[in-house]
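Asks: Sharing a structure, written as structure tokens. Questions coming.
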Amino acid sequence: MTDIAIIGGGAAGAAVFGELVQHKRACTIHWIVGASSPGRGVAYSTDDDRHLLNVRADKMGLFLHQPYDFLEHASGELASVSGSDFLPRRLFGDFVQAQVAALIHSARQQGQSVEIHRASAIDITPAGDDRYSIALHDGRRIEVDGAVLALGALPPRALRCVTSEARESGAYKLDPWNLASDARNPRRVVVIGTGLTAVDTLLTVSTRWPNAQMVAVSRHGLLPSVHARDGFDPYPDQQTLNNDLLSTPSIPQIVRKIRRAITEHAGDWRSVVDGLRPINSLLWQGLTTRQRWQFLRHVRWVWEAGRHRVPPASHGAIEQLREEGRLAILAARVLRVEGSAPLRLTIRDRASQLNSILESDLVIQATGLDTACAYTEHPLISRLLENGMVVPDPLQLGIATEIDGQILSRDGRAQPGLYALGSLLRGGLWECTAMPEIRKAAHGVANRLTDTVLPFGVVGGASSR
Ligand SMILES: Cc1cc2nc3c(=O)[nH]c(=O)nc-3n(C[C@H](O)[C@H](O)[C@H](O)COP(=O)(O)OP(=O)(O)OC[C@H]3O[C@@H](n4cnc5c(N)ncnc54)[C@H](O)[C@@H]3O)c2cc1C
């Protein structure tokens, strides 16, 4: 019997699990999901209904060829739903969980072997004949013919400017999704970051501690743009623009052409940005490492703010907090975080370049995805770096892979049957972290595994290889 492992119990793992089940191959699928129940992962485990999806309901889903499943699920749960709504992330988590339960049931009904391991993978080593041995934290080992790493983002690391005293004080929070258990009653909360994670964190803080003053600080002090309330017409010259950009060899020229299209377009600027989505990864793949670095240094901050937008309701709630004087947004660089209670932050104002001190009872780091493998303490990734089964992307944007996600070893070899999915692929694809991209990649990886590792035998049918 052939064995396949999926490592990671988030939505990306669920998507590739479902795709593989639907191929109905005679194999054992081992899904290694970590400590939590399979499917929800980090993004969809929240129970705060102010945490909204930042993708419209009709664009969310687990499977490429079942685009409206989530919308149908939501219609059964809520009194009125439209495809353009931004629904609670909890609801998407419920949907994924229900899909996973149905998939496990149908796999077992059709005679397919499915094993859910509530454990963490801590090592992968070659086991001969293009097979791999996966070590679990509880001492078990699983031998497989193929594996998909769907680990999500790496555990956040404290910024280098945070002293060990501050880190150990309990007042510096690295995990913005785990504030509920904090018993303190802070007078002031500083959030480091002003992106999507920071917005959700501020909304949570504002209800958890209604009397706390909030400050959000980032180098540019730029909040994400807001989604249009309703949809909009596409930019009529998008195809011409996209073709032109794909043959434009410089970052400044690419930026200029996008800016010009936005200025000339009579409609909504967001339609131009959204119309780039099908070519974002292709554009990235066409850049040299130096150009990618240029993009990260000079363009990323404005790109992220325009591309990753917040729903109107989240934007409205943040604006209200600012109007009420409960929230200040600062454009400043955090130079140092020290002390214990309160913490002292030294910040340098972007405009004046003057330093000042902020005191805060609680500081929450909400600086977004960490994909810098070389510095991570993630047990599996650090072990795979040591044994040469993975190698970091040159810009620390995940691990090095082929475009289809096949993992490269330290000696540059594409390892048969070994794939990655989701944010580990940032270096090769740039855009690979939201469900529309993840479900497409999951479909591709499941097809590649089916063609290469599982070519023979369907459940209830002919013999396996
Ligand atoms: C707050 C937030 C909001 C978001 N909102 C949206 C949105 O509205 N729409 C959208 O499309 N995308 C959104 N995203 C992007 C989101 O990352 C993806 O949609 C998707 O949830 C990613 O799933 P994942 O499985 O790759 O990662 P994760 O959800 O991080 O899941 C990975 C899982 O693997 C586990 N794991 C890690 N290592 C191991 C190991 N060694 N062994 C076993 N298990 C392991 C982790 O513990 C985790 O549970 C959001 C992301 C965040 C963080």
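Asks: For a quick check of your reading of the filter: which trypsin sites (Lys or Arg not before Pro) in the stretch 307-338 sit in a DSSP loop and have no more than 15 other Cβ atoms within 10 Å?
Replies: none
Asks: Would you calculate, for the chain, the mean residue ellipticity at 222 nm contributed by helices, counting each DSSP H stretch of 4 or more residues as -39,500 (n - 2.57) and dividing by all residues, to the nearest 500?
Replies: -10000 deg cm²/dmol
Asks: Calculate log10 I(q)/I(0) of the stretch 130-261 for q = 0.12, 0.13, 0.15, 0.18 Å⁻¹, where I(q) comes from the Debye formula with a single equal point scatterer on each Cα and nothing for solvent.
Replies: -0.87, -0.92, -0.96, -1.04
Asks: What does the C-alpha gyration tensor say about the overall shape of the stretch 288-379? Classify as rounded when a/c is under 1.5, otherwise prolate if a/b is larger than b/c, or oblate.
Replies: Oblate, since a/c reaches 1.5 and b/c is not below a/b.
Asks: Round to the nearest 10 and report in Å² the accessible area of Asp411, as given by a 1.4 Å probe over the protein chains' heavy atoms.
Replies: Asp411 exposes around 120 Å² with every protein chain in place.
Asks: Still on this structure, I have one more. How much space per residue, in cubic angstrom, does the convex hull of the C-alpha atoms of the stretch 192-283 take up?
Replies: 140 Å³
Asks: Rounded if a/c is under 1.5, else prolate if a/b beats b/c, else oblate: with a ≥ b ≥ c from the C-alpha gyration tensor eigenvalues square-rooted, which is the stretch 161-209?
Replies: Note, shape of the stretch 161-209 comes out oblate.
Asks: Moving on to the next point. Please list, in chain and number order, the residues 5+ apart from Thr28 or on another chain whose amide H is under 5 Å from its amide H, with Hs placed from the backbone.
Replies: Amide H neighbours of Thr28, under 5 Å, 5+ apart: Thr2, Asp3, Ile4.
Asks: Hey, what's the per residue convex hull volume over the C-alpha atoms of the stretch 24-79, in cubic angstrom?
Replies: Roughly 132 Å³ of hull volume per residue.
Asks: What's the whole-number percent of alpha carbon pairs in the chain lying beyond 38 angstrom?
Replies: 27 percent
Asks: Follow-up question, since we're still on this one. If amide H atoms are built 1.01 Å from N in the plane of the peptide, which residues on other chains or at least 5 residues away come under 5 Å of the amide H of Val390?
Replies: The answer is Leu385, Arg410.
Asks: For the stretch 238-304, what D do you get in µm² per second when you plug the Kirkwood radius from alpha-carbon pairs into Stokes-Einstein at 20 °C and 1.002 mPa s?
Replies: It comes out at roughly 175 µm²/s.
Asks: Classify the stretch 336-465 from the C-alpha gyration tensor, please: rounded if a/c falls under 1.5, else prolate or oblate depending on whether a/b exceeds b/c.
Replies: In terms of gyration-tensor shape, prolate.
Asks: Let me ask something else about it. Residues with beta-carbon under 14 Å from that of Arg140, excluding Arg140: net charge, scoring Lys, Arg +1 and Asp, Glu -1?
Replies: -3
The values are calculated or read from the model by the stated rules, or taken from the named source; none is laboratory data. Please read all numbers here as calculations on a predicted model, not as lab measurements. Reconstructed Cβ throughout: ideal geometry from the backbone, glycine too, with neighbour counts over all protein chains shown. The accessibility values were calculated without ligands, DNA or RNA, using every heavy atom of the protein model including side chains. Shrake-Rupley method; radii C 1.70, N 1.55, O 1.52, S 1.80 Å.
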